[in-house]
Amino acid sequence: MSEINITLKDVYEITLAALKGAGANQDNAASVARSTVLAERDGTRSHGLMYVPIYAEHIICGKVDGAAKADVNCTRPSAICVDAKSGFAHPAIDAGWDAFTAAARTNGVAAMTIYNSYNCGVLGHHAERLAEHGLVGLCFTHAPASIAPVGGNKPVIGTNPIAIAVPDANGGAAIVIDQSASVVAKSEIMLRARTGKSIENHWALDEHGQPTTDPNLALKGSMAPSGGYKGFGIGLLVEILASCLSGAVLSKDASPFSGTKGGPPNTGQCFIAFDPGAYSGDTFIEKINMLAAAISDQEGAHLPGSKNKVNRQRTADEGVMVSKELLDKIKHYATM
């Protein structure tokens, strides 16, 4: 399969054109395109150009309203609620962002919830964006159900990631943690199914609640929670904040993020931001630096988020490699 080398600017323009061709308006397409650039920049290919045809397909079939205009409601001084109106999560997050970050600085802490939303891409990027504003960011997003409770066999919660990022002294993020409640990403099992490869026996369960190495049986069953009941507990925490608190549908009632079946998923997100100056003042960055050094100074240890920085430099030096087949598929939507 032939591959083509493109720039991040190309990634943005190609994505923008495809989403607008599929029916998204300029603002919504631009917001998602920026997210796609960040994913490719960091080497998170599963949420980069590979996802653009899915986005476009979902605009066309009605899973996502590409022309939605989010409604922002500040219900309390530090509470921002955003109705994404069955549109993309990215522009809905953008719509409430200024009010959210201003409230965090004014009050020391603020929370923003988004409902009637969709896949928000790489969750860690939203947490890192808060860190770049000098805020400690905690982010939660839920997904269509794929994890059953320990001892059960019917999925109740999604892979439900949680992310946290803390600022450094240079306008960036010192630490970024982004992890889901499942042992492995569901996209990895889907990839194994397409290629006919088996999966590890601790990755997923079949529809009877038994471990399986068959990816097709796994897709009919449920993902295994990371850490057993502890992983399910973390996923349940995310469900409570991103679904119940935000007013979004429950994971068990959300339509899939893949394929065209069902209407809009109408899932949700919850972001919490702390202004460290309201709590530990000038000592916060000093303590974060000490904490980070205690990890990174150990031979063989890696600070969470450090891999992304390596990938960013490589992308800056080498560009982005994309298959001609995928590129042609994306460009097809731009001509609709």
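What ranking do GLU299, GLU188 get, fewest neighbouring Cβ atoms within 10 angstrom at the top?
GLU299, GLU188
Would you calculate the separation in nanometres between label points at TYR12 and MET190, each defined as 7 Å from the Cα along the Cα-to-beta-carbon direction?
2.7
Got a sec? Which residues in the stretch 234-264 would a label at ALA79 touch, if it sits 7 Å along Cα→Cβ and we count backbone N under 17 Å?
Correct set: 240-248.
Based on the Cα coordinates of the chain, what is the per residue volume of their convex hull in Å³?
Once divided by residue count, the hull of the chain is 140 Å³.
Where the only charges are on Cβ atoms (+1 Lys, Arg; -1 Asp, Glu), what is the dipole of the chain about its Cα centre, to the nearest 20 debye?
Values: 28 positive and 32 negative charges, 134 e Å.
The dipole magnitude comes to about 640 debye.
If packing is taken as the average number of other Cβ atoms within 10 Å across a peptide's residues, how do 109-119, 6-16 rank, most packed first?
Numbers: 109-119: 25.3, 6-16: 18.5.
Order by mean packing, descending: 109-119, 6-16.
State, to one decimal in nm, how far the label point of ASP27 lies from the label point of ASN216, with both points 7 Å from Cα in the Cβ direction.
Placing both labels 7 Å beyond Cα along the Cβ direction yields 4.6 nm.
Could you name the aspartates and glutamates in cross-link range of LYS230, using Cα to Cα under 15 Å and dropping any fewer than eight places away on the same chain?
Qualifying aspartates and glutamates at Cα under 15 Å: GLU239.
At 7 Å along Cα-to-Cβ for each site, give me the label-to-label distance between ASP71 and ASP168 in nm.
So the two model labels end up 4.2 nm from each other.
Under 23 Å from the Cα of LYS69, which lysines turn up, not counting those fewer than eight places away in the same chain?
LYS20, LYS85
Which value at 222 nm does the chain reach when only helices count, each DSSP H run of 4 or more adding -39,500 (n - 2.57), with the total divided by all residues and rounded to the nearest 500 deg cm²/dmol?
For the chain, the value works out to -12500 deg cm²/dmol.
Return the FRET efficiency for the residue pair HIS202, GLU325: r is the Cβ-Cβ distance, R0 is 35 Å, and the value is rounded to the nearest 0.05.
The pair HIS202/GLU325 has a calculated efficiency of 0.60.
Relative contact order of the stretch 4-127, please, whole-number percent, based on alpha carbon pairs below 8 angstrom and at least 6 residues apart.
Over the stretch 4-127, the number comes to 22 percent.
If amide H atoms are built 1.01 Å from N in the plane of the peptide, which residues on other chains or at least 5 residues away come under 5 Å of the amide H of ALA204?
Here the answer is THR212, ALA224, since their amide H atoms fall under 5 Å of that of ALA204.
Tell me which aspartates and glutamates have Cα within less than 14 Å of LYS220's Cα, excluding those fewer than 8 residues away on the same chain?
Within the straight-line limit of under 14 Å, LYS220 reaches these aspartates and glutamates: ASP206, GLU207.
If r is the Cβ-Cβ distance from GLU3 to ALA99 and R0 is 41 Å, what FRET efficiency results, to the nearest 0.05? Present the calculation step by step, with values, prior to reporting the outcome.
Details: r = 43 Å, r/R0 = 1.04.
Result of the calculation: an efficiency of 0.45.
Measure out, as a whole number of angstrom, how far apart the alpha-carbon centroids of the stretch 6-79 and the stretch 266-336 sit.
With the stretch 6-79 and the stretch 266-336 each reduced to a Cα centre, they are spaced 18 Å.
Rule-based calculations on the coordinates, nothing more; no lab input. This is a predicted model, so every value here is computed, not measured. Using ideal geometry, Cβ is built from the backbone for each residue, glycine included, and neighbour counts are taken over all protein chains shown.
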